[in-house]
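This report refers to the structure that appears directly beneath it.
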Amino acid sequence: METSPLQRALKAAPDRSSVGQARPEQEFFCFKVGELRLGVPSETVLEVFRAGRLTPLPRTPAFVMGVTGHRGQVLPVLDLLRFLGKGEARVGERTRLCVGASGPYVAAVVADSVLGLRRILTSDILPPPLGGDAAAEHLLGVVQPGTRGEGIALLNFAKLLQTARQRAVMR
Amino acid sequence: MSLESPSPKSAPRRKSTSKSATPAPTDTGIRVLIEAIERVLAGDLTARAPVGELAGEAALVAELLNELVRQLSNAEARKAITSKEIDRAIDGLIALVRQGDLARWSKVTEDDQLAPLLEGFGNVIETLRTFVREINEAALRLSSSANQVLTASTQHETSSTEQAAAIHETTATMEELKHASAQIAENAGAVARVAEETLGAARAGRGAIGEFIQAMQQIRTDGVAVADSIAKLSKRVERIGTVVEVIDEIADRSDLLALNAALEGSRAGEAGKGFSIVAAEMRRLAENVLDSTKEIKNLITEIREATAAAAGAADASKVATESGEKLGAVAAQAVEGILAGVQETSDAARVINLATQQQRTATEQVVASMAEIEDVTRQTTQASKQSTGAAVELTQLAGRLAELIRRFKAD
């Protein structure tokens with residue numbers, strides 16, 4: 001008898017009792033934008049949806065791409081590449097908008113593709129390199145490329161959103 | 001004549017001298033007479049009796065005697081003249097007989113009795129001279145004519161020999177012509193045969209070209225069918241593309257849904273863990289579907305390119321077959337031309353064959369005629385040779401005649 005994908009997934013899942021006890025780990029929402037592989041704590045991410053029509057906002061910093069409507073809510077859309085000074089994001093058919101929340105402030109960031117939720121061992125998280133650039137202040141740490149895949153820069157999403165908001169308001 | 005004149009004069013002179021010189025007695029007169037008679041008898045007809053010296057009867061006798069001697073002397077003189085003329089006539093006759101000299105005849109005479117005779121002879125000789133002259137002339141003419149005849153005959157003989165040679169040559173040429181025309185007939189026959197073969201080959205070529213054109217039409221029809229099939233295939237592939245787009249869309253939505261579900265699970269904390277894992281698995285499935293659809297899209301792109309290439313190839317094939325058909329039509333036309341040409345060649349060769357055969361027959365007739373002509377010419381040559389011989393003989397005879405007649409001298 002053929003097993004359904006759901007049954008296979010359940011079989012592959014680790015035993016609930018054993019999880020968390022072995023080694024401390026943290027779940028990150030990982031995505032790709034431009035050449036960057038970024039990860040943000042999964043609890044800061046509310047939802048992911050497809051990029052619809054963006055309405056540009058006047059008198060805003062370049063990293064604010066505009067606003068978009070989602071479920072009756074108007075969300076600002078941020079370009080992390082511009083924000084971090086790593087280039088410029090492009091909005092296409094497959095572009096995802098990841099909704100993040102920092103307290104009452106909610107905003108969406110552009111992602112070319114979503115890598116998924118990753119559980120990363122705390123021991124694998126390395127501190128951000130010293131003397132880094134502007135991006136360094138928002139970094140929680142980095143995961144070196146290794147057995148579990150490519151290297152990922154882990155961001156403090158809440159802080160980043162706050163900073164962005166402040167900068168946008170300052171203007 | 002000369003003898004006649006002095007004697008009457010001398011006689012009186014002598015009579016006077018003797019009369020004056022010697023007045024002799026009678027006896028002496030007789031003696032004188034006797035002497036005179038004796039001298040006359042001795043042949044001296046000039047002797048006269050001296051009448052002057054005598055007298056009487058003696059003088060009379062002397063006179064008579066003198067008269068007698070005178071008459072005798074006259075008769076003698078006439079006789080001498082006559083005999084002289086007779087001698088001349090005899091000489092002329094001798095010359096006539098011996099040397100054939102007709103020129104030395106004289107009709108002139110003092111003798112009346114001889115004159116008719118001489119004239120008669122003269123007439124005869126004149127006639128003879130005329131004859132000789134005419135014969136001579138005729139002989140000359142004959143000789144000239146005979147020479148001309150000989151020349152003509154020789155010329156005729158030569159020309160007849162030449163004619164024979166020419167006829168011989170012509171016959172040889174005609175023989176060669178006969179052989180040549182036979183060869184031409186043979187060659188024309190060969191040409192006709194080759195033309196027949198070519199005709200067969202060209203007909204086969206025409207058939208082959210017809211088949212070729214049919215095959216080309218078939219290929220074109222097939223090509224059209226192939227193009228239709230390709231168009232249909234292209235439409236189906238487009239349809240598949242649309243379906244794949246739909247699947248893609250669904251997979252993308254599934255992906256998003258699974259992702260959000262995972263986030264929800266994650267927020268639920270420990271309780272939502274299993275849900276998150278299922279959602280992740282769901283997401284992976286959706287990603288698999290997306291990968292598959294991507295692959296299908298690539299395949300569709302490849303198929304599209306391939307069908308485009310096939311359509312292009314079909315178009316090219318159509319153009320090629322059309323040009324092939326045209327070429328086939330041109331080739332068919334060319335072969336038709338070849339057929340017509342070969343047919344003409346064949347007919348012409350046959351006509352040449354017939355004509356040369358007729359020519360051969362004609363040539364044979366000409367050869368036969370030439371043989372006859374040669375025969376006749378040979379006879380002619382023979383005849384002209386004989387004629388030449390006769391002419392030679394005639395010339396000789398004419399020469400002989402001329403020679404004979406030359407013995408007579410007419411002038």
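The values are calculated or read from the model by the stated rules, or taken from the named source; none is laboratory data. This is a predicted model, so every value here is computed, not measured. Heads up, the Cβs are rebuilt from the backbone with ideal geometry, glycines too, and the neighbour counts pull from every protein chain shown. For accessibility, only protein heavy atoms count, side chains too; no ligands or nucleic acids. Shrake-Rupley method; radii C 1.70, N 1.55, O 1.52, S 1.80 Å.
Given the range A:24-129, what strands (runs of 3 or more DSSP E) lie entirely inside it while holding 2 or more residues that are within 11 Å of chain B (Cβ to nearest Cβ) and open to solvent by less than 60 Å² (accessible area, probe 1.4 Å)? Explain how you work it out, then say what you get.
Numbers: elements: A:25-33, A:36-41, A:45-50, A:64-70, A:73-78, A:96-102, A:105-111, A:113-121.
Where strands (runs of 3 or more DSSP E) fall fully within the range A:24-129 and carry at least 2 residues being within 11 Å of chain B (Cβ to nearest Cβ) and open to solvent by less than 60 Å² (accessible area, probe 1.4 Å), they are A:25-33, A:45-50, A:96-102, A:113-121.
Tell me the residue from B:ALA152, B:ALA201 that is in a helix (DSSP H, G or I) and open to solvent by less than 60 Å² (accessible area, probe 1.4 Å), please.
Working: B:ALA201 fails: open to solvent by less than 60 Å² (accessible area, probe 1.4 Å).
When all the criteria are applied, what remains is B:ALA152.
Just one of the numbered conditions (1) under 28 Å from A:GLY116 (Cβ atoms); (2) exposed (fewer than 14 other Cβ atoms within 10 Å of the Cβ); (3) more than 14 Å from chain A (Cβ to nearest Cβ) is not true of B:SER292; which one?
The number of the failed condition is (2).
Which pairs have Cβ atoms under 8 Å, sit 6 or more apart or on different chains, and link a residue in the range B:394-411 that is under 9 Å from B:GLY100 (Cα atoms) to one that is at pLDDT below 80 and open to solvent by 70 Å² or more (accessible area, probe 1.4 Å)?
Cβ pairs passing all conditions: B:ARG407/B:GLN99; B:LYS409/B:GLN99.
Which pairs have Cβ atoms under 7 Å, sit 6 or more apart or on different chains, and link a residue in the range A:70-86 that is more than 11 Å from A:LEU36 (Cβ to Cβ) to one that is of a type in the set (Ser, Thr, Tyr) and surrounded by fewer than 21 Cβ atoms within 10 Å (Cβ to Cβ)?
Between residues of the range A:70-86 that are more than 11 Å from A:LEU36 (Cβ to Cβ) and residues that are of a type in the set (Ser, Thr, Tyr) and surrounded by fewer than 21 Cβ atoms within 10 Å (Cβ to Cβ), the close pairs are A:LEU75/A:THR68; A:VAL77/A:THR68.
Determine which member of the set B:LEU290, B:LEU327, B:LEU299 is under 22 Å from B:ILE230 (Cα atoms), in the same structural domain as B:ARG239 (by TED's automatic domain parsing) and among the aliphatic types (A, V, I, L, M).
Working: B:LEU290 fails: under 22 Å from B:ILE230 (Cα atoms); B:LEU327 fails: under 22 Å from B:ILE230 (Cα atoms).
Among B:LEU290, B:LEU327, B:LEU299, only B:LEU299 is under 22 Å from B:ILE230 (Cα atoms), in the same structural domain as B:ARG239 (by TED's automatic domain parsing) and among the aliphatic types (A, V, I, L, M).
I'd like the full set of residues that are touching an Asp or Glu at 6+ places or on another chain (Cβ under 8 Å) and β-branched (Val, Ile, Thr), limited to the range B:210-225.
Taking the range B:210-225 first, the residues touching an Asp or Glu at 6+ places or on another chain (Cβ under 8 Å) are B:213, B:216-217, B:220.
Listed by number, the list holds a single entry, B:ILE213.
Since B:THR301 meets every condition but one in (1) at pLDDT below 90; (2) out of contact with any helix residue (DSSP H, G or I) (no Cβ under 6 Å at 6 or more places or on another chain), which condition does it not meet?
(1)
Quick check on my filter: what residues within the range B:258-281 are more than 7 Å from every other protein chain (Cβ to nearest Cβ), at pLDDT 85 or above and assigned to a helix (DSSP H, G or I)?
Restricting attention to the range B:258-281, the residues satisfying the condition of being more than 7 Å from every other protein chain (Cβ to nearest Cβ) are B:258, B:261, B:264-265, B:268-272, B:275, B:279.
Retained after the next criterion (residues that are at pLDDT 85 or above): B:258, B:261, B:264-265, B:268, B:271-272, B:275, B:279.
Selection gives B:ALA258, B:ALA261, B:GLU264, B:GLY265, B:ALA271, B:GLY272, B:PHE275, B:ALA279.
Table: residues versus (1) exposed (fewer than 13 other Cβ atoms within 10 Å of the Cβ); (2) assigned by TED's automatic domain parsing to the domain that holds B:VAL191.
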residue	(1), (2)
B:ALA355	no, yes
B:GLN359	no, yes
B:GLU374	no, yes
B:GLN382	yes, yes
B:THR388	no, yes
B:VAL392	no, yes
B:GLY399	no, yes
B:ALA402	no, yes
B:ASP411	yes, no
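To keep it simple, each residue is scored yes or no on (1) open to solvent by 90 Å² or more (accessible area, probe 1.4 Å); (2) more than 30 Å from B:ARG407 (Cβ to Cβ); (3) of a type outside the set (Val, Ile, Thr); (4) at pLDDT 80 or above.
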{"site": "B:VAL40", "(1), (2), (3), (4)": "no, yes, no, yes"}
{"site": "B:VAL69", "(1), (2), (3), (4)": "no, yes, no, yes"}
{"site": "B:SER73", "(1), (2), (3), (4)": "no, yes, yes, yes"}
{"site": "B:ILE86", "(1), (2), (3), (4)": "no, no, no, yes"}
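Identify the single condition in (1) buried (at least 16 other Cβ atoms within 10 Å of the Cβ); (2) more than 30 Å from B:MET370 (Cα to Cα); (3) polar (S, T, N, Q) that B:SER229 does not satisfy, given that it satisfies every other one.
Status for B:SER229: all satisfied but (1).
Can you report the number of residues in the range B:97-128 which are outside any loop (DSSP other than H, G, I, E, B) and either open to solvent by 50 Å² or more (accessible area, probe 1.4 Å) or of a type in the set (Gly, Ala, Ser) (or both)?
The first filter runs over the range B:97-128 and keeps only residues outside any loop (DSSP other than H, G, I, E, B), leaving B:97-99, B:101, B:114-128.
Restricting the remaining residues to those that are either open to solvent by 50 Å² or more (accessible area, probe 1.4 Å) or of a type in the set (Gly, Ala, Ser) (or both) gives B:97-99, B:115-117, B:119-124, B:126-128.
Matching residues across the range B:97-128 total 15.
Tally the residues that are surrounded by fewer than 13 Cβ atoms within 10 Å (Cβ to Cβ), charged (D, E, K, R) and within 54 Å of the chain's Cα centre (by Cα), restricting the search to the range B:303-348.
So the count comes out to 2.
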